[in-house]
Structures are given as structure tokens and as C-alpha cells.
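The values are calculated or read from the model by the stated rules, or taken from the named source; none is laboratory data. All values reported here derive from a predicted model rather than from experimental measurement. Don't worry about glycine lacking a Cβ; one is built from the backbone with ideal geometry, like all the others, and counts go over all protein chains shown. The accessibility values were calculated without ligands, DNA or RNA, using every heavy atom of the protein model including side chains. Shrake-Rupley method; radii C 1.70, N 1.55, O 1.52, S 1.80 Å.
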Amino acid sequence: MSLVTRCPVCGTAFRVQSSQLAAHSGTVRCGKCGGVFNGVAALVEDDERLSLEPSPQLGLFDPSRDAGTPTPKGAGQTLPDFLADDSASRRGRWLWGIAAVVALLAAAGQVTYRFRAELGAAWPAAREPLRDACRALGCEVSLPRRPELMSIDSSELQADARRDGLIVLNAVIRNRARFPQELPALELTLTDEADRPVLRRVLSPRDYLERNRADALTRDGLAGGMEASLRVLLDTSRTRATGYRLYLFYPS
């Protein structure tokens with residue numbers, strides 16, 4: 001059934017089918033001005049003298065198009081900001097991702113540099129790669145220094161029976177850690193009857209190690225749970241020493 005409705009905005013009359021009005025609960029869009037109105041409420045009497053326009057149903061869902069003109073998909077629609085700027089958002093996420101990876105690598109590099117000695121001791125296979133990297137950076141991979149895990153298990157100071165004025169220091173150093181450590185320096189202090197120092201001497205690992213073991217132990221350190229024996233001759237002909245004190249330390 002053909003009916004006539006009039007746009008309340010621009011006053012243009014349109015001929016529509018009753019089925020068109022029923023399909024959208026009577027809501028139609030003016031094909032001339034784009035106004036949306038209730039076509040049922042705006043029905044007028046059919047008069048042949050009316051100047052009729054094409055059916056307003058042609059432009060019902062797109063206010064920006066003219067009547068009878070196909071509208072490209074998506075034309076006239078305002079996209080939300082998060083959709084309209086999607087490409088910029090993707091670029092931003094990529095930049096943030098790259099920055100996060102760079103920051104993570106930098107943090108890993110700092111941790112490796114700071115704990116390179118411990119890493120080399122825990123993973124012996126990584127020692128040479130770490131040394132190669134350190135040569136390029138102007139640093140070195142030293143052995144761990146944990147004095148609390150190094151101890152002097154025994155020590156003895158006695159006169160040399162074959163030579164006057166010489167004393168012999170015998171001691172055993174033990175590495176109580178589970179990993180190799182750098183051998184410490186020793187400070188030997190000779191005391192008199194009143195326990196006052198009369199002679200003090202600092203011994204480096206090369207001073208107290210046997211010559212045939214000095215190079216290997218200085219380079220590789222004392223293995224975890226192992227011990228090193230030392231024997232040192234000292235000239236005390238100009239002192240009257242009756243006692244001694246011995247402790248280990250790592251020079252700063």
C-alpha cells in the first residue's frame with residue numbers, strides 16, 4: 001500500500017510503502033535534508049498535486065548521502081579515537097617494545113659486568129668468553145674474593161735447625177667455598193715477650209707458594225673445598241721474636 005509522509009524539517013513530501021514504515025517502526029530519513037522523523041506520525045493525505053520526492057527509505061541509515069546515491073562503506077562515519085589512531089598506536093607499541101628490550105639488555109649487561117667474577121667461578125666454561133669481552137672493555141675477570149670463606153687451618157713457626165737466625169713458617173690455607181677463589185695475602189707479625197710487634201711482613205701468594213704451583217694457583221685460584229700448604233723462611237737474626245700472629249686478607 002502506497003502512503004505519503006511529509007518531512008517536518010524541510011516540508012518535502014515522499015511516497016512510501018506501508019511495508020517500509022513497518023520494517024523500521026515508522027522511522028524514516030528524509031532523502032533531501034537528511035532529517036530523521038516518524039513517517040507514520042507525519043502521514044498526509046495522498047494528493048496528486050503534491051510534489052513528491054523519492055522514498056526517504058533510500059537514505060535511512062546514512063545521513064550524509066543524497067537520496068539515490070550509493071554511499072561507500074564506512075563513509076560519513078566518525079571512528080572512535082582508538083580506531084582512528086590505530087596505526088600510530090601500533091607504532092607507539094613497537095617503540096615501547098624496542099625500548100623495553102634495550103633496557104633489559106642493558107640491565108643484563110650491568111649485572112654480568114658487576115658479577116663477572118662470580119659468574120666465571122660458577123660456570124668455568126663462561127670464564128674465557130667473559131675474559132674476551134672484558135679485554136674489549138678494558139676490564140678483567142678476577143677470581144672471587146670471599147675472605148669469610150677462606151681460613152688458616154693450621155700454622156706453625158719454628159727455628160731452622162740447620163741455619164741460625166732463620167725461622168720457618170708452615171701453614172695450611174683452606175677454601176671453604178664451593179667455587180674457586182683467589183688466594184689471599186698473609187700478614188705475619190712477630191712479637192716479643194710482651195706480645196709487642198717487632199717485625200711485620202706481608203706475603204703475597206707468590207711469596208708463600210711453591211714455585212712449581214705458583215703460576216697455576218695464581219691463575220686458576222684455589223678450588224672449592226681444597227687446601228694449599230705453604231712454607232716460608234724468614235730471617236730474624238736482628239730481632240728477638242718469641243711469638244707471632246698470622247691472618248689472611250685481600251688487598252684493596
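Remarks
- For the range 158-252, the set of GluC sites (Glu not before Pro) satisfying both a DSSP loop assignment and a count of at most 14 other C-beta atoms within 10 Å is given as GLU193, GLU210.
- Probe 1.4 Å - accessible area at PHE179, Å² to nearest ten: 50
- Carbon and sulfur %, accessible surface of the range 188-231 computed with the full protein complex present, 1.4 Å: 45
- One compactness figure for the range 141-252 is 1.12, namely its Cα radius of gyration divided by 2.2 N^0.38 Å.
- For the pair ARG15 and ILE98, label points projected 7 Å from Cα toward Cβ lie 6.5 nm apart.
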